[in-house]
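Following: one structure in structure tokens, then a few remarks.
The values are calculated or read from the model by the stated rules, or taken from the named source; none is laboratory data. All of these numbers come straight from a predicted model, not from anything done at the bench. Neighbour counts are summed over all protein chains in view; Cβ atoms, including those assigned to glycine, are modelled from backbone coordinates with ideal geometry. Remember, those area values only see protein heavy atoms, side chains included, never the ligands or the DNA or RNA. Shrake-Rupley method; radii C 1.70, N 1.55, O 1.52, S 1.80 Å.
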Amino acid sequence: MKVMIFMGSESDLPVVEGALRTLEEFGVSHRLEVTSAHRTPERTLRLIREAEGEGCQVFICAAGMAAHLAGVAASHTARPVIGIPVGGSAVNGLDALLSTVQMPKGVPVACMGIGKHGAVNAALLAIQILSLSDEGLAAKFLEFRRSQAAKVERSAEKLNTRP
Ligand code: RP5
């Protein structure tokens, strides 16, 4: 299992699905768990240890509101931690964004954008990290980049050939 995904609540699943789908498309082994930095702190620590034992290379943590899940995970592991701030709060996820991005120096978290786009990017960043030591995955990632560029070219062509 290469990537462990934590979400602070089952209610975060609609956002996390983008990360799951992306990892599946790239064939990256992963595990998803619900665990909360403040509701289940011992469970969070136990799962981090388990994940490391299972060979996990990267952690992805999705949480909303005062989102300290990614920071807490980062405090317990030396492996890279990517945070997804989940929206939907009274301030539309700004609380989660700031909580995740504003880690004090010494314990970094790679913070993505709020919500579904952030979740897809979290998976892509995890794939880029894993690609450093996996040539096959690196090739798939480059192909993905090419296909994205080709899509833009096709859109441009369609626009320019409009009657
Ligand atoms: C955070 O609080 C979770 O990550 C979730 O985004 C938010 C609300 O949780 P629920 O009340 O929906 O369980 O810990």
Among (1) free of Cβ contacts under 8 Å to residues at least 24 places away in the same chain; (2) surrounded by fewer than 18 Cβ atoms within 10 Å (Cβ to Cβ); (3) under 17 Å from residue 2 (Cα atoms); (4) not hydrophobic (A, V, I, L, M, F, W, C) - the single one residue 106 does not satisfy: (3)
Selection count, the range 125-140, where residues are open to solvent by 20 Å² or more (accessible area, probe 1.4 Å) and not polar (S, T, N, Q): 9
Residue match in the range 144-161 (condition: farther than 20 Å from residue 18 by Cα and in a loop (DSSP other than H, G, I, E, B)): yes
Residue match in the range 80-87 (condition: out of contact with any Pro (no Cβ under 7 Å at 6 or more places or on another chain), of a type outside the set (Ser, Thr, Tyr) and without any contact (Cβ under 8 Å) to a residue 12 or more places away in the chain): no
Any hit, the range 52-61, residues being open to solvent by 50 Å² or more (accessible area, probe 1.4 Å), away from the ligand (no atom under 15 Å from the Cβ) and in contact (Cβ under 8 Å) with a residue 12 or more places away in the chain: yes
Number of the exception - residue 79 against (1) in a loop (DSSP other than H, G, I, E, B); (2) within 16 Å of the ligand (Cβ to nearest atom): (2)
Per-region count, the range 14-45, residues near the ligand (Cβ under 10 Å from one of its atoms), among the hydrophobic types (A, V, I, L, M, F, W, C) and open to solvent by 40 Å² or more (accessible area, probe 1.4 Å): 1
Residue list for the range 22-49, restricted to those being free of Cβ contacts under 8 Å to residues at least 40 places away in the same chain and within 24 Å of residue 128 (Cβ to Cβ): 24, 25, 29, 30, 31, 32, 33
The range 87-110, residues that are closer than 18 Å to residue 13 by Cα and either among the hydrophobic types (A, V, I, L, M, F, W, C) or modelled with pLDDT under 95 (or both): 96, 97
